[in-house]
Amino acid sequence: MKLEEFASRLSKSEALVFFTGAGISTESGVPDFRSPGGVWTKYQPVLFQDFLASEAARVQHWQLKKATYELFKTVKPNIGHQAICEFEQRGQLLGLITQNIDGLHKLAGTSATRLVELHGTDRLVTCLKCAKVFQPSDVYEKWHEGLPTPTCDACSGFLKSANISFGQSMPVEAMQRAQRWSEQADVFVVIGSSLQVQPAASFPVIAKRSGALLAIVNRDPTPLDDLADFRHNGAIGEFFTRLRTLPSH
Ligand SMILES: [Zn+2]
């Protein structure tokens, strides 16, 4: 399918679902944790079991998250995040499923009711025991290495960034909403995900089997490219810029 035809189908969609991964945020300056050079190579993510078991692992978690917190003060949503908001404003967006924990979709203005953050968010801190939510600034500005790692003022439970860590179970309600949207989509668009990890890779398959038109926009090829009706390998900002210039859009 050519870009013009895809743009035309997109403009007629009444149940549009976007699925986004790290690729949409790298264009805002958030490094992919797999790519070299960023904070993600300086501080390794901590396994959830280790976080629970050891203060040294918790220190490692807070070092990483404090560096991330400092980085997130500077990054802003880009044309890709904004374009998705525009589909919501036109009443076309059924849902946005993201693997990203950088909170940029929320910052761009996507409604909470239309957004599933599959891997949680680094823009909040929660208590693992009583689930009390804390604003990051209150926690990160106070903690530095050498101090005990942060605990809850209500129940003394461990505090942790509200992202889903490796080894931590996926949020049930978020998974169910993502599954439902995938089944109900008439157009399902993957943006900036390599689709190499589960459950991420299952949602485009569910959408396609349920009758949706499947589009994949990613810099590199993905394992699901053969399943896609429309494919674009290239920069995401450039793709949305081109899409905006088309008459059918
Ligand atoms: Zn608590």
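The values are calculated or read from the model by the stated rules, or taken from the named source; none is laboratory data. The shown structure was predicted, so the numbers you read here are calculated from the model rather than taken from an experiment. Glycine also receives a Cβ, built like all others from the backbone with ideal geometry; neighbour counts cover every protein chain displayed. We work out accessible area using only protein heavy atoms, side chains counted, and drop any ligands, DNA or RNA first. Shrake-Rupley method; radii C 1.70, N 1.55, O 1.52, S 1.80 Å.
Output the antiparallel fraction of DSSP beta bridges having both residues in the chain, as a percent to the nearest 5.
In the chain, approximately 25 percent of DSSP beta bridges are antiparallel ones.
Taking all protein chains as present, what is the carbon and sulfur share of the accessible area of the stretch 1-118, in % to the nearest whole number, probe 1.4 Å?
54 percent
Using the C-alpha atoms of the stretch 119-172, what convex hull volume per residue, in cubic angstrom, is computed?
92 Å³
With charges only on Cβ, +1 for K and R and -1 for D and E, what is the dipole size of the chain about its Cα centre, in debye, rounded to 20?
Using Cβ point charges on Lys, Arg, Asp and Glu, the chain gives about 200 debye.
Please list C152, C130 in order of solvent-accessible area, largest first, computed with a 1.4 Å probe with all protein chains present.
Heavy-atom accessible area, descending, gives C130, C152.
Hey, if you put +1 on the Cβ of every Lys and Arg and -1 on every Asp and Glu Cβ in the chain, which of P204, T121, G91 ends up farthest toward the positive end of that dipole?
In the chain, that residue is G91.
Give the Debye-formula value of log10 I(q)/I(0) at each listed q (0.12, 0.18, 0.19, 0.22 Å⁻¹), with one equal scatterer per alpha carbon of the stretch 159-249, two decimals each.
Listed by q, the Debye log ratios stand at -0.45, -0.90, -0.97, -1.13.
Where does the charge balance sit around A212 when Lys and Arg score +1, Asp and Glu -1, over other residues with C-beta under 10 Å from its C-beta?
Combined, the nearby Lys, Arg, Asp and Glu give -1.
Hey, what do the phi angles of the stretch 98-103 turn into as Karplus ³J(HN,Hα) couplings, whole Hz, using 6.51/-1.76/1.60 and θ = phi - 60°, x for Gly and Pro?
Calculated HN-Hα couplings, in order: 10, 8, 7, 10, 8, x Hz.
Could you tell me what percent of the DSSP beta bridges with both partners in the stretch 135-243 are antiparallel, to the nearest 5?
If I count the DSSP bridges inside the stretch 135-243, around 10 percent turn out antiparallel.
Taking the Cα atoms of the stretch 1-99 alone, what are Rg (to one decimal) and Dmax (as a whole number) in Å?
Taking only Cα atoms of the stretch 1-99, I get Rg and Dmax of 18.3, 55 Å.
Between the stretch 73-92 and the stretch 159-183, how many Å separate their Cα centres?
Spelled out, the Cα-based centre of one part sits 22 Å from the other.
Mind grabbing the accessible area of Y140 for me, 1.4 Å probe, Å², rounded to tens?
10 Å²
Against the longest principal axis of the chain, how steep is helix 79-89, in degrees 0 to 90 to the nearest 10, with axes from Cα atoms?
It is inclined by approximately 70 degrees.
Run the accessible area of the stretch 128-249 with a 1.4 Å probe and give the carbon-and-sulfur part as a rounded percent.
50 percent
What is the chain's relative contact order, in percent, from Cα pairs under 8 angstrom and six or more apart in sequence?
25 percent
Tell me the mean residue ellipticity at 222 nm calculated for the chain from its helices only (DSSP H runs of n ≥ 4, each -39500 (n - 2.57), averaged over every residue, nearest 500).
-10500 deg cm²/dmol
Need one word for the stretch 90-249: rounded, prolate or oblate. Basis is the Cα gyration tensor (sqrt eigenvalues a ≥ b ≥ c); a/c below 1.5 gives rounded, then a/b vs b/c decides.
Prolate shape, in that a/c is at least 1.5 and a/b is the bigger ratio.
Taking the convex hull of the alpha carbon atoms in the stretch 14-164, what volume per residue do you get, in Å³?
114 Å³
Rolling a 1.4 angstrom probe over the protein heavy atoms, how many square angstrom per residue are accessible across the chain?
Averaged over the residues of the chain, the accessible area is 47 Å².
On a 1.4 Å probe surface of the protein chains, which of H119, H81 comes out largest in accessible area, and what is the full order?
Result, largest first: H119, H81.
In the full protein assembly as shown, how much of T149 is accessible to a 1.4 Å probe, in Å² to the nearest 10?
T149 exposes around 10 Å² with every protein chain in place.
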